[in-house]
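Notes follow the structure.
The values are calculated or read from the model by the stated rules, or taken from the named source; none is laboratory data. Keep in mind it's a predicted model, so treat the numbers as computed, not measured. Cβ atoms come from the backbone with ideal geometry, glycine included; neighbour counts cover every protein chain shown. Areas reflect the complete protein model, heavy atoms only, side chains present, ligands, DNA and RNA absent. Shrake-Rupley method; radii C 1.70, N 1.55, O 1.52, S 1.80 Å.
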Amino acid sequence: MEYKIYISWDDEAGCWVGYNDDIPLAFDAETMEELMKKIRDAAPEIIELNHLPQAKILHFIAEKQEEVFA
(Lines give C-alpha, C1' and ligand atoms only; values in the text may rest on other atoms or scores of the structure.)
Protein backbone atom coordinates (compact mmCIF):
# COMPACT_ATOMS: atom_id res chain seq x y z
CA MET A 1 0.00 0.00 0.00
CA GLU A 2 1.21 3.49 -0.87
CA TYR A 3 -0.05 6.83 0.40
CA LYS A 4 0.75 9.97 -1.58
CA ILE A 5 1.65 12.91 0.64
CA TYR A 6 1.31 16.26 -1.13
CA ILE A 7 3.73 18.95 0.02
CA SER A 8 3.68 22.60 -0.98
CA TRP A 9 5.12 25.89 0.18
CA ASP A 10 2.62 28.25 1.83
CA ASP A 11 3.80 31.82 1.15
CA GLU A 12 1.34 33.38 3.59
CA ALA A 13 2.30 31.10 6.48
CA GLY A 14 5.97 30.95 5.48
CA CYS A 15 6.20 27.18 5.90
CA TRP A 16 5.90 23.83 4.14
CA VAL A 17 2.51 22.11 4.36
CA GLY A 18 1.94 18.38 3.83
CA TYR A 19 -1.37 16.55 3.61
CA ASN A 20 -3.18 13.42 2.54
CA ASP A 21 -6.99 13.35 2.63
CA ASP A 22 -7.21 9.55 2.66
CA ILE A 23 -5.34 9.05 5.94
CA PRO A 24 -6.41 11.99 7.04
CA LEU A 25 -3.20 13.86 7.77
CA ALA A 26 -2.04 17.49 7.69
CA PHE A 27 1.15 19.00 9.11
CA ASP A 28 3.36 22.03 8.62
CA ALA A 29 7.01 22.81 9.32
CA GLU A 30 9.71 25.37 8.57
CA THR A 31 11.74 22.94 6.43
CA MET A 32 10.72 20.15 4.09
CA GLU A 33 12.97 17.69 5.95
CA GLU A 34 11.30 18.56 9.26
CA LEU A 35 7.87 18.17 7.68
CA MET A 36 8.70 14.78 6.19
CA LYS A 37 9.97 13.56 9.58
CA LYS A 38 6.76 14.71 11.31
CA ILE A 39 4.69 12.85 8.74
CA ARG A 40 6.84 9.68 8.84
CA ASP A 41 6.58 9.62 12.64
CA ALA A 42 2.81 10.25 12.81
CA ALA A 43 1.43 8.43 9.76
CA PRO A 44 1.56 4.84 11.09
CA GLU A 45 -0.46 5.73 14.21
CA ILE A 46 -2.99 7.84 12.25
CA ILE A 47 -3.42 5.01 9.73
CA GLU A 48 -3.96 2.47 12.51
CA LEU A 49 -6.43 4.69 14.42
CA ASN A 50 -8.49 5.13 11.24
CA HIS A 51 -8.44 1.38 10.47
CA LEU A 52 -6.80 1.91 7.08
CA PRO A 53 -4.49 -0.47 5.19
CA GLN A 54 -0.94 -0.27 6.54
CA ALA A 55 1.42 1.78 4.40
CA LYS A 56 4.50 0.18 2.94
CA ILE A 57 5.42 3.45 1.20
CA LEU A 58 4.81 7.14 1.83
CA HIS A 59 5.25 8.82 -1.55
CA PHE A 60 6.14 12.49 -0.99
CA ILE A 61 5.20 14.82 -3.86
CA ALA A 62 6.52 18.37 -3.38
CA GLU A 63 5.81 21.60 -5.21
CA LYS A 64 7.02 25.17 -4.81
CA GLN A 65 6.24 28.03 -7.15
CA GLU A 66 8.15 31.29 -7.33
CA GLU A 67 7.54 34.44 -9.33
CA VAL A 68 10.28 35.48 -11.68
CA PHE A 69 10.74 39.15 -12.40
CA ALA A 70 12.46 40.37 -15.56
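Place +1 on the Cβ of every Lys and Arg and -1 on the Cβ of every Asp and Glu in the chain, take the dipole about the Cα centre, and give the residue among Phe27, Gln65, Met1 whose Cα lies farthest towards its positive end. Farthest towards the positive end: Met1.
About the Cα centre of the chain, what is the dipole size in debye to 20, counting +1 per Lys and Arg Cβ and -1 per Asp and Glu Cβ, all else neutral? Mind showing how you got there, number by number?
Details: 6 positive and 16 negative charges, 82 e Å.
The dipole magnitude comes to about 400 debye.
For region 4-70, which whole-number percentage of the solvent-accessible area (1.4 Å probe, protein heavy atoms only) is attributable to carbon and sulfur atoms?
Details: 2530 of 5050 Å².
Exposed carbon and sulfur together represent 50 percent of the surface.
Taking 11 Å as the cut-off, the amide N atoms of region 1-38 that come nearer than this to a point 7 Å along the Cα-to-beta-carbon line of Ile57 belong to 1-4.
Provide the net charge surrounding His59, with neighbours chosen by a C-beta distance below 14 Å and charges set as Lys +1, Arg +1, Asp -1, Glu -1.
Neighbourhood net charge equals 0.
Summing +1 for each Lys or Arg and -1 for each Asp or Glu, what net charge is found among the other residues whose Cβ lies under 15 Å from the Cβ of Gly18? Write down the numbers at each step before the final one.
On the way: positive: Lys4, Lys37, Lys38, Arg40, Lys64; negative: Asp10, Asp21, Asp22, Asp28, Glu30, Glu33, Glu34, Asp41, Glu63.
Result for the local shell: -4.
Once the 1.4 Å probe is applied to the protein heavy atoms, the chain comes out at 75 Å² accessible per residue. Within the chain, DSSP assigns beta bridges of which about 60% are antiparallel (rounded to the nearest 5). Taking the C-alpha atoms only, the angle from helix 32-49 to the longest principal axis of the chain is near 30 degrees. Only helices enter this figure: runs of n ≥ 4 DSSP H residues, each worth -39500 (n - 2.57), summed and divided by the residues of the chain, yield -8500 deg cm²/dmol at 222 nm to the nearest 500.
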